[in-house]
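The structure appears right after this line, and notes come after that.
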């Protein structure tokens, strides 16, 4: 725990976690990178908003079904990967993540993206491949920094 606090990096890959670790939430401002890849986490608690300095959030290969609305409070977030979960929709508050540069949500069950995604002016990479998207919102044209959009096998 003290190592996490000093490095700002929390890596709990393959830790067989079923719930989001409370210990991490108690580190609040210290966490800059959180990697919970390959666990069995279903819910992300509202208290995630305490991690105000987090820059990288990696939650690949879990059982996450939805994201909390206050995810938008993570104003320092630059990278978020949610590949291989069960997410069906993204909250409108996603548009508040104005520093977000990379968003990967490959292999989920998304049926649509929020219009607010157009607010992500710094977004360079968006990967929504292997979802159930019928279309992309027009607002995506406002993502001026977007260099790479991956949307293979989306219907």
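Of note:
- Residue in the range 100-114 that is modelled with pLDDT of 95 or more and touching a helix residue (DSSP H, G or I) at 6+ places or on another chain (Cβ under 6 Å) present: yes
- Within the range 18-39, residues that are closer than 19 Å to residue 79 by Cα have Cβ atoms under 6 Å from residues that are modelled with pLDDT under 90 and assigned to a helix (DSSP H, G or I) in these pairs: 30/5, counting only partners at least 6 apart in sequence or on another chain.
- Of the set (1) in contact with a strand residue (DSSP E or B) (Cβ under 9 Å, 6 or more places away or on another chain); (2) in a loop (DSSP other than H, G, I, E, B); (3) more than 21 Å from residue 123 (Cα to Cα), all apply to residue 48 but (2).
- Flag if residue 77 is modelled with pLDDT of 95 or more, assigned to a loop (DSSP other than H, G, I, E, B), within 20 Å of residue 113 (Cβ to Cβ) and within 15 Å of the chain's Cα centre (by Cα): yes
- Of all residues making up the range 40-75, the number that are within 17 Å of residue 98 (Cβ to Cβ) and in contact (Cβ under 8 Å) with a residue 24 or more places away in the chain: 15
- Members of the range 92-111 that are surrounded by 16 or more Cβ atoms within 10 Å (Cβ to Cβ) and under 17 Å from residue 69 (Cβ atoms): 93, 94, 95, 96, 97, 100, 103, 105, 110
- Residue within the range 15-26 that is touching a strand residue (DSSP E or B) at 6+ places or on another chain (Cβ under 6 Å) and at pLDDT below 95 present: yes
- Within the range 85-100, being over 15 Å from residue 44 (Cα atoms) and assigned to a loop (DSSP other than H, G, I, E, B) holds for 97, 98, 99, 100.
The values are calculated or read from the model by the stated rules, or taken from the named source; none is laboratory data. Computed from a prediction, not measured in an experiment: that's the story for all the values here. A quick note on method: Cβ atoms are made from the backbone with ideal geometry, for glycine too, and the neighbour counts reach across all protein chains shown.
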